[in-house]
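See below for the structure under consideration.
Derivation of every value follows stated rules applied to the coordinates shown; laboratory data play no part. Because the structure is a prediction, the values reported are computed rather than measured. No Cβ is skipped: glycine too gets one built from the backbone with ideal geometry, and neighbour counts run over all protein chains shown.
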């Protein structure tokens, strides 16, 4: 299996542990990730508010880079990158006038958007392309005893006309993956809540309260950790958790894992090999207690 790979800015900086774990998991599963040569930031859901044409153009260019690799799909591990790329693709495929205008700009760089590549997320690819039973067959260390809270994040589910992989009101993809890995999924009130990442600066107090609730909710249901398919959700819930704690009288401590890290643990990698020690909230002691390494 071969995919063009769009890492996005976060994996190149604040979420280096996600880049490490994604590559290790892909190699272990026999998935080839070909990083786009010369990719640029997706715009992180804000650029369209300033210049919608630019937002479409830069992501059409990213998709065009994938098309040059002669692959069927462009894969990301970020909810927001997936949304931005799929939004651009939908606009380009449905609006011939816009497509012509964007391609006029791309032509100056010797490029053209053709619309031949689908944009997918690692979570979707594991279910749709790789297959859950094939993933189960790769498990070396079943995560028996680990209770996980699956935190989807907004952008992998909405808007459904752009994302549309599953029921955005009751998604099950994360639970399905956790199950084949041997982990137990814990239901909790904030399962489909927003992490608040994109509002942390203009509405810091409200977002810190939301972050605390997002951690406290699964904690009260007995979860050992939160697992999310989005690096921005992971960053918000992990890096800002100490700040959020200041607004709560009870302990909200909750380790936050990236999805590939959870998968990597089941494939036999140690927490250190998956760079879990880079997290702000310590996760390794909890994992050592719940699992045998």
**Prompt:** Name the helices (runs of 4 or more DSSP H) wholly within the stretch 48-141 that hold at least 3 residues that are touching a strand residue (DSSP E or B) at 6+ places or on another chain (Cβ under 6 Å) and closer than 16 Å to residue 3 by Cα?
**Reply:** 79-94
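Got a number for residues in the stretch 29-56 being over 23 Å from residue 104 (Cβ atoms) and either surrounded by 15 or more Cβ atoms within 10 Å (Cβ to Cβ) or in contact (Cβ under 8 Å) with a residue 12 or more places away in the chain (or both)? Spell out how you get there, then give the answer.
From the stretch 29-56, those over 23 Å from residue 104 (Cβ atoms) are 29-35, 44-46, 49; that's our starting set.
So of that shortlist, the ones also either surrounded by 15 or more Cβ atoms within 10 Å (Cβ to Cβ) or in contact (Cβ under 8 Å) with a residue 12 or more places away in the chain (or both) come out as 29-35, 44-46.
Residues meeting the conditions: 10.
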**Request:** Filter the stretch 1-28 for residues that are in contact (Cβ under 8 Å) with a residue 60 or more places away in the chain, surrounded by fewer than 17 Cβ atoms within 10 Å (Cβ to Cβ) and in a helix (DSSP H, G or I) and give the result.
**Result:** 16, 28
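Could we say that residue 190 is under 18 Å from the mean Cα position of the chain (by Cα), surrounded by 16 or more Cβ atoms within 10 Å (Cβ to Cβ), touching a residue at least 24 places away in the same chain (Cβ under 8 Å) and more than 30 Å from residue 28 (Cα to Cα) here?
Criteria met by residue 190.
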**Message:** Looking only at the stretch 157-182, how many residues end up being more than 23 Å from residue 213 (Cα to Cα) and in a loop (DSSP other than H, G, I, E, B)?
**Reply:** 10
**Item:** Residues located in the stretch 268-293, provided they are part of a loop (DSSP other than H, G, I, E, B) and surrounded by fewer than 19 Cβ atoms within 10 Å (Cβ to Cβ)
**Value:** 268, 270, 272, 273, 280, 282, 292, 293
